[in-house]
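Bear in mind these aren't lab numbers, they're just calculated from the coordinates by the rules spelled out. These numbers come from a predicted model, not from an experiment. Note that each Cβ is placed from the backbone with ideal geometry, even for glycine, and that neighbours are counted across all protein chains shown.
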Amino acid sequence: MKSPLELCSRYLVPAVRRELSLRLMKRELTGVEVARLLGVSPSLVSRYLNSERGAQIDLERHRDAVEWIERLADSVLSGHMDRYTVVREIDRIAMQFMVRRHLCGYHKKLEPDMDLTRCRICPELFGDCSTN
C-alpha cells in the first residue's frame, strides 16, 4: 500500500498549488509573480495553469478546501506572507484535507484493494492540524 504521504506529495500538494495559482492569476498577477510568491519556477506555474500538473485531484469537489485556498489567496495578496509561510499554509491545507478523509477516495482509485474502513492513517497522524 502506498503511504498517504506519498500521495500527498505527488498529487495533493500540486493540486493545492494549482488551485492557488489559478486564483492568484484571476486576480491579475502574472505567472512570474505567482511563481515568486509560491517559491516555484514560472514553468511549473505554467504547467499548473495548463492542467499538466496538479489536476489529478479535483479540489473544487471539496467546498472546505476551496474556502481554505481562497483565504490563503487573500492572505498572499495582502503582502503579509513570505514564501515560507505560504509553503506552510499549503501543507496545512493538504494535511487538513487528509484529516477529513478527502484523499481516501483518490487513494482507493489508485489501490482498489484498499479497505477504507480499516485505514485511519491520516486522521491519526494529522488530527491535530487546523486551518486558520
key: Residue tally, condition of a type outside the set (D, E, K, R), part of a helix (DSSP H, G or I) and either over 14 Å from ALA73 (Cα atoms) or without any contact (Cβ under 8 Å) to a residue 24 or more places away in the chain (or both), over the range 10-53   = 16
query = Is it the case that the range 89-99 has a residue that's in contact with a Gly (Cβ under 8 Å, 6 or more places away or on another chain), within 17 Å of SER3 (Cα to Cα) and part of a helix (DSSP H, G or I)?
reply = yes
request  = Go through the range 11-26 and give me each residue that's of a type outside the set (A, V, I, L, M, F, W, C) and surrounded by 12 or more Cβ atoms within 10 Å (Cβ to Cβ).
outcome  = TYR11, PRO14, ARG17, ARG18, GLU19, SER21, ARG23
